[in-house]
Amino acid sequence: SYILMADIDLSSYSPWTPLGTSSSDFFSGNFNGNGHDITNLFINTTSDYQGLFGYISGNSIIKNVRIINCDITGGAYVGGLAGYFAKDSDVAEIADCYVSGNISTSTAAGAVYVAGLVGWLYMNNGNSSDVIRCSTNVTITMPDNSTLYIFIGGLVAREESGWDIKQCYSTGNFVNTGAS
């Protein structure tokens with residue numbers, strides 16, 4: 001378990017390497033942002049699983065954190081908080097989180113999941129889990145490419161059955177840079 005004890009400016013850690021980057025190298029645990037801000041999160045890559053957390057799995061609770069002024073470009077699973085969250089146990093939750101900034105994909109073909117909070121909320125097993133009291137104010141930019149299969153969302157791009165989103169909202173813009 002981790003508790004953030006102060007605001008963090010990540011501009012000195014640019015580009016950011018997400019906490020957990022694959023199904024074999026994932027974050028599993030509790031992260032309490034303690035009401036603090038993480039500012040200037042910058043990522044520019046073609047790799048999948050991008051965000052503050054790239055890949056989350058297991059008994060994981062992420063709460064009470066604000067990600068301010070992020071600028072994230074990644075591959076197939078991209079979100080301000082997390083690219084991918086796989087619930088595969090009885091406990092998983094995202095609560096009282098906020099994201100602002102710009103989010104986009106660099107992927108040229110295939111399926112992409114791009115959102116302000118989490119790219120894909122996956123339900124492997126266990127009981128229902130919540131995303132509660134979260135919000136975003138993001139601009140999501142999609143490239144001009146007719147070969148993409150795109151899931152986009154202000155909060156979540158794709159949500160598997162079993163995740164419940166409650167008392168959340170999103171503001172911002174979706175931008176398509178071309179005609180497709």
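The table for this structure:
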item	result
In Hz, Karplus ³J(HN,Hα) per residue of region 27-40 (6.51, -1.76, 1.60; θ = phi - 60°; x = Gly, Pro)	8, 9, x, 10, 10, 10, x, 6, x, 8, 9, 10, 10, 6
For residue 19, distant residues with modelled amide H under 5 Å away	53, 54
Area of residue 66 that stays accessible when all protein chains are in place (1.4 Å probe, Å², to 10)	100 Å²
Anisotropy class of region 22-70 from Cα gyration tensor, a/c 1.5 cut	oblate
Radius of gyration and Dmax over the Cα atoms of the chain, both given in Å	14.7, 46
Gained length - residue 165 relative to residue 1, 0.36 nm times residue gap less alpha-carbon distance	56.7 nm
Amide hydrogen neighbours beyond the local backbone of residue 106, cut-off 5 Å, H modeled	74, 75
Alpha-carbon centroids, region 67-121 and region 159-175: separation in whole Å	11 Å
Among 63, 87, 166, residue whose mean-square fluctuation peaks in a GNM of the chain (springs only between Cα atoms under 10 Å)	166
Among 32, 127, 102, residue whose mean-square fluctuation peaks in a GNM of the chain (springs only between Cα atoms under 10 Å)	127
Residue among 136, 39, 105 with the largest mean-square fluctuation in a Gaussian network model of the chain, springs linking Cα atoms under 10 Å	39
Taking N as its residue count, the alpha carbon Rg of region 63-129 over 2.2 N^0.38 Å	1.18
Calculated FRET value between residue 175 and residue 46, using beta carbons and R₀ = 22 Å, to 0.05	0.65
Residues with amide H under 5 Å from that of residue 7, placed H, sequence gap 5 or more	37
Shape call, region 37-95: gyration tensor on alpha carbons, a/c limit 1.5	oblate
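The values are calculated or read from the model by the stated rules, or taken from the named source; none is laboratory data. The model shown is predicted, which means the values in this text are computed figures rather than measured ones. Cβ coordinates were reconstructed from backbone atoms using ideal geometry, including for glycine residues, and neighbour counts include every protein chain displayed. In case anyone asks, the SASA skips ligands and DNA or RNA and just uses the protein heavy atoms, side chains included. Shrake-Rupley method; radii C 1.70, N 1.55, O 1.52, S 1.80 Å.
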